[in-house]
1. Please count how many residues of segment 221-275 are in a helix (DSSP H, G or I) and within 13 Å of the chain's Cα centre (by Cα).
2. State which residue is surrounded by the most Cβ atoms within 10 Å (Cβ to Cβ) when the search covers only segment 109-142 and only residues that are of a type in the set (Asp, Glu) and part of a helix (DSSP H, G or I).
3. For the list (1) out of contact with any Leu (no Cβ under 7 Å at 6 or more places or on another chain); (2) modelled with pLDDT of 95 or more, I need the number of the one condition that Gly205 fails.
4. Tell me, please, whether a residue that is crowded, with 21+ Cβ neighbours inside 10 Å, of a type outside the set (Lys, Arg) and out of contact with any His (no Cβ under 6 Å at 6 or more places or on another chain) can be found in segment 31-44.
5. Taking the criterion of being touching an Asp or Glu at 6+ places or on another chain (Cβ under 7 Å), under 17 Å from Gly298 (Cα atoms) and either among the small types (Gly, Ala, Ser) or surrounded by 15 or more Cβ atoms within 10 Å (Cβ to Cβ) (or both), would at least one residue in segment 58-69 satisfy it?
6. Go through segment 263-290 and count every residue that is in contact with a strand residue (DSSP E or B) (Cβ under 8 Å, 6 or more places away or on another chain) and either crowded, with 24+ Cβ neighbours inside 10 Å or of a type in the set (D, E, K, R) (or both).
7. Return the residue satisfying two criteria in turn: it lies in segment 299-310 and is assigned to a loop (DSSP other than H, G, I, E, B) and closer than 12 Å to Asp263 by Cα, and of such residues it is modelled with the lowest pLDDT.
8. When segment 230-267 is examined, which residues are found to be farther than 17 Å from Ile309 by Cβ and either of a type in the set (Asp, Glu) or in contact with a Leu (Cβ under 9 Å, 6 or more places away or on another chain) (or both)?
Amino acid sequence: MSSPITSPDERSKPRIAVLGSINMDLVIRCDHLPKPGETVAARSMAEVPGGKGANQAVAAARCGGAVQMIGRVGDDGFGQKLLNNLLDASIDCSAVLTAQGCESGLAIVSVENSGENAIIVIPGANARLSAEDIHRAESSLAGCDVLMVQLETPQATVLAGIQAAKRAGAKVILDPAPAASLRDELFDVDLICPNESEAIAIVGGRLETIDDAAAIAKRLHAKGPAAVAITLGARGTMLYDGATAELIPSIKVDAVDTTAAGDAFAGAVAVRWAQTGSLRQAIRWANLAGALAASRAGAQPSLPTHQQIDSLSS
């Protein structure tokens, strides 16, 4: 594994830790997503490193963060490829472990012409990431500005990470994907950032209008997070901080592949929030990151750099 980040240049960057999944994505492109019982012909297939945790780590690194990854890969043919990909992105992988006798996480991603996608995930080594692994890596959270977590690793492990980050004085951002029934303790975070379908899955109701988004954000906030940011695609992001519900607009783009738009958003929020201390400013910048990612093909290949985001915001 790599050694911890120690260069003077790296120490000046926001320190972001990411606890989450590391997958190989098999990306299949087709004219339209199959309906139940339907067979469709695909145009192409590609192996692309992914996983929500790894995607967000790469997103944060490209946005200017000094990033540490906490996770597991398998001892199969994909494991070293996935690890090398993170190292190539200048991510500290000293807390990435190899699960013996286990396959790496795998995701089958089908993308249709509109850019919409459907994903099947095989957890593999991600399911073996344990609370004990987090305890062993806790020293790496010392001095960390933000911990990012998702739900592609066991919830008990995610909770251990949240608690460790709080002991270290770091902010915690929870991306509740894939949508699931969450343990109550997981809502004790600084920011939860679901998309529309995830927000509805957690609190129910419907989300058709901006007023609906504000109401759902308030219901999510009542569960415990300090702030809620519901991403609404081209409409922008609904932010509720316990006092004010505000739609922060995005920009219109021609969607090519929405697979990693949420990961680009989360990584950008983490870095800019750590840099500025302003969540609203961070979300405005992150909306641009998500839009850029949606306008490009692939998961990690679509994630923008901070220079590319800045060029849109100027």
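The values are calculated or read from the model by the stated rules, or taken from the named source; none is laboratory data. Fair warning: this is a prediction, and the values are worked out from it, not measured in the lab. Virtual Cβ from ideal backbone geometry, glycine too; neighbours counted across all protein chains shown.
1. Looking only at segment 221-275, we keep the residues that are in a helix (DSSP H, G or I), and these are 221, 233-235, 261-275.
Filter once more, so that each one left must be within 13 Å of the chain's Cα centre (by Cα): 261-271.
Result for segment 221-275: 11.
2. Initial filter on segment 109-142 (of a type in the set (Asp, Glu)): 112, 116, 132-133, 138.
Checking which are part of a helix (DSSP H, G or I) leaves us with 132-133, 138.
On the way: Glu132: 10, Asp133: 21, Glu138: 18.
Filtering first and then ranking leaves Asp133.
3. If we test Gly205 against (1) out of contact with any Leu (no Cβ under 7 Å at 6 or more places or on another chain); (2) modelled with pLDDT of 95 or more, just (2) comes out false.
4. Initially, segment 31-44 is screened for residues crowded, with 21+ Cβ neighbours inside 10 Å, giving none.
No.
5. Checked segment 58-69: at least one residue is touching an Asp or Glu at 6+ places or on another chain (Cβ under 7 Å), under 17 Å from Gly298 (Cα atoms) and either among the small types (Gly, Ala, Ser) or surrounded by 15 or more Cβ atoms within 10 Å (Cβ to Cβ) (or both).
6. Start the filter on segment 263-290 by keeping residues that are in contact with a strand residue (DSSP E or B) (Cβ under 8 Å, 6 or more places away or on another chain), which leaves 265-267, 269-271, 273-274, 279-280, 283-284, 286-287, 290.
Of the ones still in play, those that are also either crowded, with 24+ Cβ neighbours inside 10 Å or of a type in the set (D, E, K, R) (or both) are 265-267, 269-271, 273, 280, 283-284, 286-287, 290.
Going through segment 263-290 one residue at a time, the tally reaches 13.
7. Narrowing segment 299-310 to residues assigned to a loop (DSSP other than H, G, I, E, B): 299, 303-305.
The next check asks that each one be closer than 12 Å to Asp263 by Cα; those that pass are 299, 303-304.
Numbers: Ala299: 73, Leu303: 92, Pro304: 88.
Ranking the candidates gives Ala299 first.
8. Hits for segment 230-267 are Ile230, Leu232, Arg235, Met238, Leu239, Tyr240, Asp241, Ala245, Glu246, Leu247, Asp254, Asp257.
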